[in-house]
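Below is one structure; the comments refer to it alone.
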Amino acid sequence: MGHWWYRNIVEPGKLPLLLALASFVLAFVVTRAITRLIRAGKGPFRNISPGGLHVHHVVPGVVLMVVGGFIAIAGDRRGFGSGAAAVLFGIGVGLVLDEFALILHLDDVYWTEEGTKSVEVVILTVALVALVLGGFLPFGVNELSPDETADRLTVVRTVAVNFVFALLALVKGKARLAVVGVFVPFVALFGAVRLARPHSPWARRFYRNRPKALARARVRAYRHDRRWSGLRRKVEHLIGGAPDQ
């Protein structure tokens, strides 16, 4: 295990990215736990409101991202400095994306239905960073045997093909299928070959003069949302807390 860790994580310089991802996930989980305790009036935690001004945690998040980013740019990809910068940056990203909906709407929508967008963005970000960490794992590793090289090239080709399908699914307005499809073969292909969602870039470009296709896309999107949106919201509420009624 130690040999694998050194060859695939430490030697290629991927440790800072792994630390940033772990810090990001941990910061998001801890932040959600604290905000839910504050909302329930439990524990020692309280909102920070100096002079009556509610300071959202996106503010220290931005500060940590700036500090961590500049430290990372000033240093290199190895050593204690790069690891510390990655941790600071990851924590900052966790705090900022936890309030992504607030930034998007420029309003305190944390405990509303719009606030669940933050949970969606966090999940997508974790998946994409994990893709970068795992999908490019074959690169930067020295002294590979011919069999190892062939196996890793196969992984690269598979990821590349799935990524093309994932891009098509993303353009068709199917972000979740696109992210999952990068990891799971044929999932993105399923999203790429089916009708686009009616407000996606693909629909705006290719369905403008095809009213029948646009109508079918709207019907399919309505049926899909009616079937799956309830389950999706339950998962998001389980992760981030149910919004206020």
(message) Below 8 Å between Cα atoms, with a sequence gap of 6+, how large is the relative contact order for the range 61-133 in percent?
(response) 26
(message) Taking only Cα atoms of the range 95-134, what ratio of Rg to Rh do you get with Rh as the Kirkwood inverse-distance radius?
(response) 1.08
(message) I'd like the distance separating the alpha-carbon centroids of the range 61-104 and the range 171-201, in whole Å.
(response) 30
(message) Quick check for me: using +1 on Lys/Arg Cβ and -1 on Asp/Glu Cβ, what's the dipole size of the range 12-112 about its Cα centre, in debye to the nearest 20?
(response) 340
(request) Using 0.36 nm per residue of separation minus the Cα-Cα distance, give me the extension gain between residue 184 and residue 55 in nm, one decimal. (result) 42.4 nm
(request) For the range 153-239, compute Rh as the Kirkwood radius over C-alpha pairs and then the Stokes-Einstein diffusion coefficient at 10 °C and 1.306 mPa s; write the answer in µm²/s, rounded to an integer. (result) 115
(message) Once you order the gyration tensor axes a ≥ b ≥ c over the Cα atoms, which shape class does the range 48-138 get: rounded for a/c under 1.5, otherwise prolate or oblate by comparing a/b with b/c?
(response) oblate
(request) Would you mind putting 218-225, 85-92, 24-31 in packing order, based on average other-beta-carbon counts within 10 Å, highest first? (result) 85-92, 24-31, 218-225
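Every number in this text was worked out from the coordinates using simple rules, so none of it is lab data. These numbers were taken from a predicted model, which means no experiment stands behind them. With ideal geometry, Cβ positions are generated from the backbone for all residues, glycine too; neighbour counts draw on all protein chains shown.
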